Amino acid sequence: MSRKIRVLEFTHQRDWGGTDKNSQLMMQHYDKNKFEVIAASYVGGPRAQWIKDNQIPNLITENNEEMIAWLKSQSIDVVHFYRGGWTESRDIAIFKMAGIPVLIERNCFADFDASNDRALIDKHVFCSNVSVDIYKKRSGTSFDASKATMIYPPTDVDMFDGINRDWSEPTFGRISRKDVQKWHPTSIHSLPLIRESVPSAKFHVVGIPDSYWSLIEQLGVKDMIIETVIPTDAHLVDFFKKITVFAHSSSIGESFGNVMAEAMAAGLPVVTHTGWDSAQTELTTDGYNGYIVDPDDTRAYADKIIYLLKNPTQKRIMGYFGRSRSRELYNIKTVVDKYQDLFVEQCKIKGII
């Protein structure tokens, strides 16, 4: 390339969520010999400090005019922005008024924008093949294959190198935000069945919904649960080191499942279920790197966890396959390379380079 491509990583905030983490990983791993990275958001957050520490040009403001003026001054070629897919005209209006020629959308939830804004987006990037299929159904005859592509979100696979765990430990775990939609009641209803078969089993959790505690008390399984928080990546690694099975559940499914990919990268087998946005079944292959059951079959869900808790060798083998898959498909370098190729392609189409 004759010059570096200037890329804006734009999120609404810089919090601990998966979207904000993905954006940070992208900024961290762009090829700095070919790309110059800029950041912007409406609201700050804990990840804004990382941006500052790495001396990346950054603006945080909820003032549209200020945002537009600053973006114009940065001479940006490409904006990579994150949204659910639904209409959010504010973002696109700002990008266009700032004169950014290439708009790349990370469509996180495969929703369909039926407004005129859709025509202004150069590429919709989906985070799983399942999401592409869902988007096709939602968009119907308006689906434009030339504008759609799939690139998995990035996972810092190397962060989990060197984890040594005691596979004989009867420990399993789940990480999520405190949202009942991100959990499924089966994950709690299965606990008495698991304890009946494996009395010493412990369930390590992050983000269990407050409304679930009455059910936990009713079932008499509170003593099984070890609740914790994960403020840093070091805490995340330590969490995965303590468990030997990752027990996933979600009442809305997953459009990708960042924490599932991280659990796999940490070498853990996954027990999950079918249904809804079902990318969880794209990451997990039944009998290979974990098990997949019907979401309403509590007995089957419990039995798969019980089987793994009682079979350390099987846990280790499935965990190995999961880690291999995560390293092959979701690692940062693979993901960033695909994005960079996409940026170059779109810049060539627009005559920017």
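The values are calculated or read from the model by the stated rules, or taken from the named source; none is laboratory data. Everything numeric in this text was worked out from a predicted model, so none of it was measured. All Cβ positions, glycine included, derive from the backbone under ideal geometry; neighbour counts span all protein chains shown.
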(request) Kindly list the number of the only condition in (1) assigned by TED's automatic domain parsing to the domain that holds Val229; (2) modelled with pLDDT of 95 or more; (3) of a type in the set (Val, Ile, Thr) that fails for Thr149. (result) (1)
(request) Confirm whether Asp91 is farther than 30 Å from Ser278 by Cβ and either more than 19 Å from the chain's Cα centre (by Cα) or assigned to a strand (DSSP E or B) (or both). (result) no
(request) Could you please find all residues in region 273-299 being surrounded by 18 or more Cβ atoms within 10 Å (Cβ to Cβ) and over 23 Å from the mean Cα position of the chain (by Cα)? (result) Thr298
(message) Checking Ser73 against (1) in contact (Cβ under 8 Å) with a residue 12 or more places away in the chain; (2) over 24 Å from the mean Cα position of the chain (by Cα); (3) more than 25 Å from Asp133 (Cβ to Cβ), only one condition comes out false. Which one?
(response) (1)
(request) Pull up region 105-144, narrow it to residues that are over 24 Å from Glu345 (Cβ atoms) and hydroxyl-bearing (Ser, Thr, Tyr), then point me to the one that is nearest to the chain's Cα centre (by Cα). (result) Ser115
(request) Please verify whether region 247-256 includes one or more residues that are buried (at least 16 other Cβ atoms within 10 Å of the Cβ) and in contact with a Pro (Cβ under 6 Å, 6 or more places away or on another chain). (result) yes
(request) Kindly indicate whether Ala119 is outside the structural domain of Ser278 (by TED's automatic domain parsing), within 18 Å of Thr11 (Cα to Cα), assigned to a helix (DSSP H, G or I) and out of contact with any Gly (no Cβ under 9 Å at 6 or more places or on another chain). (result) no
(request) Would you point out the residue of region 149-208, among those that are aliphatic (A, V, I, L, M) and in a loop (DSSP other than H, G, I, E, B), that is nearest to Ser250 (Cα to Cα)? (result) Ile208
(message) For region 138-148: of the residues being assigned to a helix (DSSP H, G or I) and small (Gly, Ala, Ser), which is surrounded by the fewest Cβ atoms within 10 Å (Cβ to Cβ)?
(response) Ser146
(request) Taking only region 223-244 into account, find how many residues are part of a loop (DSSP other than H, G, I, E, B), in contact (Cβ under 8 Å) with a residue 40 or more places away in the chain and in contact with a His (Cβ under 7 Å, 6 or more places away or on another chain). (result) 1
(request) Tell me, please, whether a residue that is within 26 Å of Asp156 (Cβ to Cβ) and in the same structural domain as Phe343 (by TED's automatic domain parsing) can be found in region 84-91. (result) yes
(request) Of the conditions (1) at pLDDT 95 or above; (2) under 20 Å from the mean Cα position of the chain (by Cα), Asp179 clears all except one; give me its number. (result) (1)
(request) Give region 2-37 a look and list any residue that's at pLDDT 95 or above, more than 15 Å from Ile51 (Cβ to Cβ) and part of a loop (DSSP other than H, G, I, E, B), or say none. (result) Lys4, Asp31, Asn33, Lys34
